[in-house]
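These notes concern the structure reproduced below.
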Amino acid sequence: MENLITRPEKDFFVALRNSFVNVCNGDLPAAIILSILENWTIYKIKNIQQNKIHNEVLKKQGKKPVDVGDVWIYKSNSEFRTDSLGFLSKNSVISGIKTLLDLGFIEKRNNPKIGWDRTLQWKVVPEKINKCICHLPKQEDGGSYLGKAIPKNTSKKLLKDKRSLNNDNSEKDNQTTTKVDPVLGKIDSVNVGKSNLVDIVVDKSDSVDPILGKVDSEIYNQILDNWNSNIKSNQIKGVSAHRGLQSKLKYDMAQYRKTMSISEAIVNCIDQGNTVEDINKAIDNYFRVLSSESFWYDFRYQNIALFLHSEKGVCKFKNDSYINTLKKKEADSVDQYKKLRLSYDPVFFKYNSSNILDTNAQTYCGVGIGICKGRNIVRILDEINSYAECGNLDQSYMKMLEETIVAGLYQKISLDVLRGMLDTHASNRVFHMPKAEIL
Amino acid sequence: MYNLLFNSSNDYCVFVRESFTKVCNGDLSASILLSILENLTTTFTPDPNEIIDGDERIWIKQTCKEFISNSNGMLTANKTKSGLKTLVELGFILKRTHPYQKWNRTIQYHLLVNEVNKHLLAIEENE
């Protein structure tokens, strides 16, 4: 295209491409940084090619070859600001880089040769970016957004638009041809005629999400629907149902301020090696365990992101063998007495070491419960191992026990356990002659 | 140019040139607007009905929203206004409303290419 305005030699510029803004979820600083890094990477690649030629010449002359170099870019925050011609501020550079790192478009490292050098080095990951760019929807008016507002930062609209447009495009053109440098592994645009480039085919038939880059958003919705329907059908309390994929949810129990969207959580889960079938199976298994009384497991993940992010979530629940370990043992379900009693630590704060009731504590129970009663109850309880054995106790003992526990003097067993003991005793006491008083 | 990343022919691109920023006295918004107006002037297809009294100058109809859209979100409403003001003050653009349709409030801009080039050459010579 002919330029109206003259260009001075070595005119530095920042080119902000619309596709960059879109792949960076509308994050403008990220798009600008990506553009800067792209330019520098191109410069580095050219340098490498030049050095290779130079080395061949040196080799012929019998001289030692020079270091070819790599595509890592050494750049500080202030240099990014300078390269953006003052468009970026310090904080916007930080946030932009964070976005790019989160999206996996760039990698970072410290200087491998100089340990004390704290300036980070950056490397563009063109494969991932190209994949996203290839799947962006085409503009109707030839690319320009004349008269159309650019969507602001990330958000639902962009994701929604891309989801719908991606579905439309997936049927029309299932294959896109791009070119890859066989040496450097970088993808080049189709319209650049490089002789040493090899055609590769990027298959779109696996319906890749343009933003999140792994699976189609329909599958995300399917997973979410599975989660919501399980909550509804099993009537599980303490677990939240969610409306949309873009709901920001807490994903780490320890870091309550950090959130991520459901689609991000699903992608992370898939990145960890789980398939969509695994996730759906894990969700089904989790709710089956929660809803059934034959399982002792009752931990509630408050939301789907916590479940997907947790190491004990999808990874565990997708295995049927793990589900079997969560089943209650038969003995436990028959008689809870011993388990409950053992879990209840004996507290003798109202009895001294000789099981003698403290005089201070007597005010709680009044005159009715005396020292001997307390001593007897401790002795009796030590002999009981199950609810069934309560039937062997004397009626008066049970009465004493009830009085003592209700009065708060003996905390070795809870009121629930006491209730069970009393019920069992009531059903079995016909075999014993009731006594009016033990003392 | 060798492209590292996939470059669609439909991809819209905004350039922020250092030379434009210098010529606009460091006003980044003005330099972006100058870049947009240059692009629009280059790709302009004249409507014969719009030519008035033999005036064949290219007038670009552009609202504030359109400028923001064409800047890929780099401009805001206030930045656009201040940038346009700078360009008018520097004498790089002319502006007018529609000469016949009085109800049409969309302002039209004409880029004075020679004026910009003159300033650019002057800066280049000084350096």
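Summary of computed values
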item: For segment B:81-127, average projected area of the Cα convex hull in nm²; result: 3.9
item: GNM flexibility winner over chain B from B:75, B:37, B:90 (Cα, springs under 10 Å); result: B:90
item: Residues with amide H under 5 Å from that of residue A:125, placed H, sequence gap 5 or more; result: A:106, A:107
item: Taking segment B:18-126 and dividing mean pair separation by its residue count, relative contact order in percent (alpha carbons under 8 Å, at least six apart); result: 30
item: Alpha-carbon centroids, segment A:54-86 and segment A:284-312: separation in whole Å; result: 53
item: Net charge dipole size for segment B:18-126 [Lys, Arg +1 and Asp, Glu -1 on Cβ; Debye, nearest 20]; result: 560
item: Cleavage-rule hits, trypsin sites (Lys or Arg not before Pro), segment A:1-58, DSSP coil, Cβ neighbours within 10 Å at most 11; result: A:10
item: Histogram of C-alpha separations across segment B:18-126, 5 Å bin width, %; result: 2, 12, 22, 24, 19, 12, 7, 2, 1, 0
item: Distance (nanometres) between label positions extended 7 Å along Cα→Cβ at residue A:243 and residue A:63; result: 6.9
item: Hypothetical label at residue B:81: residues of segment B:9-40 whose amide nitrogen lies under 17 Å (7 Å Cα-Cβ projection); result: B:29-30
item: Entries in A:90/B:95; A:10/A:75; A:63/A:123 that, when Cα-Cα distance is taken, lie over 27 Å; result: A:90/B:95; A:63/A:123
item: Loss of accessible area when B meets A, both sides summed, Å² nearest 100, probe 1.4 Å; result: 4300
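The values are calculated or read from the model by the stated rules, or taken from the named source; none is laboratory data. Computed from a prediction, not measured in an experiment: that's the story for all the values here. Neighbour counts run over all protein chains shown; Cβ positions are idealised from the backbone, glycine included. The area values use the complete protein model at the heavy-atom level, side chains included, leaving out ligands, DNA and RNA. Shrake-Rupley method; radii C 1.70, N 1.55, O 1.52, S 1.80 Å.
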